Amino acid sequence: MSYPQSVTRTSEDARTHLMRRIHDFTGLAVSRVDITVTALHSGAPSNRRVL
């Protein structure tokens, strides 16, 4: 995922995909998938220098 994609939209898409695939593989209905975003990183290279 890269900026400026929506974290909310991407999480919802991943959740929907995972629920569908689990159902396809197992036949089980998944009612909930929790997603925790622990960090966001910029795809741009850093111009910072360490002194």
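The values are calculated or read from the model by the stated rules, or taken from the named source; none is laboratory data. None of these values were measured; they are calculated from a predicted model. So basically every Cβ, Gly included, is an ideal-geometry build from the backbone, and we count neighbours across all protein chains shown.
Give the number of residues within the stretch 17-43 that are touching a residue at least 24 places away in the same chain (Cβ under 8 Å) and loosely packed, with under 10 Cβ neighbours inside 10 Å. So that I can check it myself, show each step before the final result.
Step one: list which residues in the stretch 17-43 are touching a residue at least 24 places away in the same chain (Cβ under 8 Å), which gives 35, 37, 40, 42-43.
Keeping just the survivors that are loosely packed, with under 10 Cβ neighbours inside 10 Å gives 40, 42-43.
The qualifying residues number 3.
For the stretch 20-51, the tally of residues that are assigned to a helix (DSSP H, G or I) and modelled with pLDDT under 95 stands at 0.
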